[in-house]
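Presented below is the structure to which this report refers.
The values are calculated or read from the model by the stated rules, or taken from the named source; none is laboratory data. Because the structure is predicted, anything quoted here is derived from the model rather than measured. Cβ placement follows ideal geometry from the backbone for every residue including glycine, while neighbour counts extend to all protein chains displayed. Remember, those area values only see protein heavy atoms, side chains included, never the ligands or the DNA or RNA. Shrake-Rupley method; radii C 1.70, N 1.55, O 1.52, S 1.80 Å.
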Amino acid sequence: MMKNAKSLAALCLLSVVPFAHAASSVPSWAVQTEGRQVRHADGWQATWPGANWNVRVAAQAVGVTLDDAVNYYALEVDGKAVQKISPAAGERTIWQDLPDSKPHAVRLFKLTQSPDNPGLFKGFSLRQGWPLGLPPKPRRQIEFIGDSWTVAYGNLSATRDCTDRQIVERSDASQSFAAYLGKLYGAQIQNNGMSGMGMVRNWGGNMPQVDYRSYHLRLLQNLPETAPGNNAGRRYGWRPQLVVIALGVNDFGTDVGPDEKRSQQQLANDYVRAYHGLIAQLKQRYGNPAFLLAATYLWPADRMRPLVSRIADEERRQGTTVAYVDWQNIELTGCNWHPSLSDHAKMATQMDAAIRTLGNVWDN
């Protein structure tokens, strides 16, 4: 018996060594995904921010193959960003040397949003190494529903004045409050934020035919939810114990204009109705998760906070497990008066304190 075991070990060693000394592709089954994305025969597509891909490897170098002329990515090794990848036209493979041949956790993180342009990540490659199997999948899951504040719009900027190009360059979803909370709780997250969109009204009243809810069920925002394989509600592996909703800055950040079809009071009524409706849908889909509803002071009329606080109270009376957070003392020094890196860290701390009032939400 021992002799057969030794022979089997030797045979396995002989089969691994030639593979370890050649450049090779990491099979898709060895890649752990996070965030909304769609798997195709030639790779993964994503439009939402924060989508990422994780592998465990032992190799001299790891490569990522991209075909994406719009998005920025970060390549991380053992939890630290080692390379920022800029957008470029055409397919290319970007290589990163690894410090030794010991096991490493490697992650490719999509830093930016691209609602109209799904980037294509074609997979990982290795030089002189092999994959070590799937990374462990966290049991905890958090879904974030929001707008440009959630996607970390312009959070790297040292100035509020930014060009369109600088906004993209200076946005980093890996340093958003969503990412901070994911790390804090050791949870898988979906950053389902979309700039400019509101619960029922978008920034400045633009695009009145759609709002955030028009895109909420889409895996790829550029395709309707009725497109084959694009309905997030039919992905049964996603069942978050906590849902964070931060919508309202765009609904109430500008006054209703004279050419809009509803009054300011009708907007408030529609907002409350739609908010409760979204929570009801999420409760049915996910089996009564806990909720954190976030709001902030909006100059000068402060229309958002009283409504979100009221919604939280009404939901609580109906038996929903819900907490409310009022973001305080944020400076909004990012692009176009958006939260900065320090703001995102501060917001995450305040959200953590509110979440802890809910008790243990992870057993849901």
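Tabulated data
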read-out	value
Within region 349-363, considering residues that are assigned to a helix (DSSP H, G or I) and not β-branched (Val, Ile, Thr), the one surrounded by the fewest Cβ atoms within 10 Å (Cβ to Cβ)	363
Pair list, Cβ < 7 Å and 6+ apart or interchain, from region 174-199 residues that are at positive phi to residues that are at pLDDT 95 or above and open to solvent by less than 20 Å² (accessible area, probe 1.4 Å)	196/147; 196/148; 196/202; 196/250
Evaluation of residue 148 against (1) in contact with a Lys or Arg (Cβ under 9 Å, 6 or more places away or on another chain); (2) modelled with pLDDT of 95 or more (one fails), failing number	(1)
Residues within region 271-287 that are in contact with a helix residue (DSSP H, G or I) (Cβ under 9 Å, 6 or more places away or on another chain) and either touching a residue at least 12 places away in the same chain (Cβ under 8 Å) or under 21 Å from residue 187 (Cα atoms) (or both), tallied	8
Residue 332 touching a helix residue (DSSP H, G or I) at 6+ places or on another chain (Cβ under 8 Å) and on the phi > 0 side of the Ramachandran plot	yes
Strands (runs of 3 or more DSSP E) contained in region 40-145 and holding at least 2 residues open to solvent by 50 Å² or more (accessible area, probe 1.4 Å)	80-85, 88-97, 119-127
Residues located in region 107-144, provided they are farther than 26 Å from residue 281 by Cα and of a type in the set (A, V, I, L, M, F, W, C)	108, 109, 111, 120, 121, 124, 126, 130, 132, 134
Those residues of region 173-213 which are part of a helix (DSSP H, G or I), polar (S, T, N, Q) and open to solvent by 20 Å² or more (accessible area, probe 1.4 Å), in sequence order	175
Tally, over region 330-348, of residues that are surrounded by fewer than 17 Cβ atoms within 10 Å (Cβ to Cβ), over 19 Å from residue 253 (Cβ atoms) and over 18 Å from the mean Cα position of the chain (by Cα)	1
Out of 119, 63, sole residue that is on the phi < 0 side of the Ramachandran plot and at pLDDT below 95	119
Residues satisfying the stated conditions in region 15-26, i.e. at pLDDT below 95 and either open to solvent by less than 10 Å² (accessible area, probe 1.4 Å) or of a type outside the set (S, T, N, Q) (or both)	16, 17, 18, 19, 20, 21, 22, 23
Out of 285, 239, sole residue that is in a loop (DSSP other than H, G, I, E, B) and surrounded by 13 or more Cβ atoms within 10 Å (Cβ to Cβ)	239
Scan of region 224-235 for residues that are part of a loop (DSSP other than H, G, I, E, B) and over 18 Å from the mean Cα position of the chain (by Cα), ordered by number	224, 225, 226, 227, 228, 229
Total residues in region 146-157, condition assigned to a loop (DSSP other than H, G, I, E, B), under 14 Å from residue 177 (Cβ atoms) and open to solvent by 10 Å² or more (accessible area, probe 1.4 Å)	1
Enumeration of residues in region 288-308 that are buried (at least 18 other Cβ atoms within 10 Å of the Cβ) and not in a helix (DSSP H, G or I)	289, 290, 291, 292, 293, 294, 295, 296, 303
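The rows are residues; the columns are (1) of a type in the set (D, E, K, R); (2) closer than 13 Å to residue 53 by Cβ.
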site	(1), (2)
113	no, no
118	no, no
134	no, yes
140	yes, no
143	yes, no
147	yes, no
159	no, no
